[in-house]
Structures are given as C-alpha cells and as structure tokens.
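Contents: one structure, followed by commentary.
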Ligand code: GNR
Ligand code: NI
C-alpha cells in the first residue's frame, strides 16, 4: 500500500471551524485516507490527526501515543464520540496543534474517558482512555466539532493569536 503525506491546513483556514460529517461507509477509500493521515501524522511528527486537518471534514481521527522507543501503535477511530467522562479527575497537559504551528497551551481536561467508535472493519468498539491518550482523543474529537485549543484562551488572547496567523498568511502570499 502506497501511503502519502498530505498537506496540513493551518489557522486561519475557515475549514478548521466546520463541524465534520459522520462517515457513512467504511470502504477502501476511507481506509486509504486513514493511512495517508497516519503517514502525515508520523511525518509531521504528531501524536494525533483529524481528517479536517488535511481538508476532509469527515469524522475520522488517527492517533499514536506510544513512546518513541516503543513499537508504533497506530490507531484509527471512525465516528468517535465520548460516551463517558469521569468528572472527578482532571489532567493538565501542555498541548500543541499541527494546525497552529509554534503555539502551545496548558489545558485541563477530564483524566479518564470512554470513547465509542467504529474500527477499520466498521465494527463498533469502546475504548477506555487515561493519560496522554485521553488528552489526545479529546483534542482530536474537538477538531471534529470545529473546536481548537485557542478556544481555551480568553477572547482577547485568542484574537491576538488569530491576528498573528492572519498576518503570517498575508505575508506568505504577498
Ligand atoms: O501532535 C500533537 N501533539 C499533542 C500534544 C498534546 C495534546 C494533543 C496533541 S495533538 C497534536 C497533533 C494535532 O494537532 N492533532 O490534532
Ligand atoms: Ni490539533
């Protein structure tokens, strides 16, 4: 199977704010997209990627939160949704986003969740997640709902970041 890294869209691309559409059928074309997303993610490198970040607003995410020295653990989740949140425990983590280069933000999220999704065979699965996997899953599912890590900032601080990226986009195309 030939895998190709795809271009990643960045702020202020308005597509990042679209709500992604549920996947209707898990077919060869969708699995090819998932494989290309994994290649894109490893190439970047990143620990997760949502389809909308490569310009395809479908509810599809890929992740690999294994440590560098482990064997790779690629994950493909189709139509993922948070089924259960442990509202008691939270976890702080400094998050980055491939669609917001050179920006990092400490974010507090539920530490323990259960995610339902379809696997690569179209079979429903449940995944209990803690630690970095729980954080990354919530980050990716946010993308499917048009939500970005800058939305955890105040309006003022968010506008400053968005303005900076608009300026950079203007200068890059001038
Ligand atoms: O590569 C990524 N690292 C990361 C670190 C902490 C929390 C979430 C992430 S996801 C990010 C890749 C990305 O932008 N996925 O949408
Ligand atoms: Ni991201």
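The values are calculated or read from the model by the stated rules, or taken from the named source; none is laboratory data. Please read these numbers as outputs of a predicted model, since none were measured by experiment. Positions of Cβ are backbone-derived with ideal geometry, glycine not excepted, and every protein chain shown enters the neighbour counts.
Looking at (1) touching a residue at least 24 places away in the same chain (Cβ under 8 Å); (2) in a loop (DSSP other than H, G, I, E, B); (3) away from ligand 2 (no atom under 16 Å from the Cβ), can you tell me which one residue 146 breaks?
If we test residue 146 against (1) touching a residue at least 24 places away in the same chain (Cβ under 8 Å); (2) in a loop (DSSP other than H, G, I, E, B); (3) away from ligand 2 (no atom under 16 Å from the Cβ), just (3) comes out false.
Report the residue count in segment 44-56 for those that are touching a strand residue (DSSP E or B) at 6+ places or on another chain (Cβ under 6 Å) and either more than 10 Å from ligand 1 (Cβ to nearest atom) or part of a helix (DSSP H, G or I) (or both).
So the answer is 1.
Run down 112, 154 and say which single residue is surrounded by fewer than 19 Cβ atoms within 10 Å (Cβ to Cβ), farther than 27 Å from residue 7 by Cα and touching a helix residue (DSSP H, G or I) at 6+ places or on another chain (Cβ under 9 Å).
Residue meeting the stated conditions: 112.
So which residues in segment 57-95 are in contact with a helix residue (DSSP H, G or I) (Cβ under 8 Å, 6 or more places away or on another chain), within 10 Å of ligand 1 (Cβ to nearest atom) and closer than 12 Å to residue 139 by Cα?
Of everything in segment 57-95, those that are in contact with a helix residue (DSSP H, G or I) (Cβ under 8 Å, 6 or more places away or on another chain), within 10 Å of ligand 1 (Cβ to nearest atom) and closer than 12 Å to residue 139 by Cα turn out to be 61, 62, 63, 93, 95.
Determine if segment 127-150 includes at least one residue that is more than 16 Å from ligand 1 (Cβ to nearest atom), farther than 21 Å from residue 36 by Cα and modelled with pLDDT of 95 or more.
Looking for residues that are more than 16 Å from ligand 1 (Cβ to nearest atom), farther than 21 Å from residue 36 by Cα and modelled with pLDDT of 95 or more, one finds at least one in segment 127-150, hence yes.
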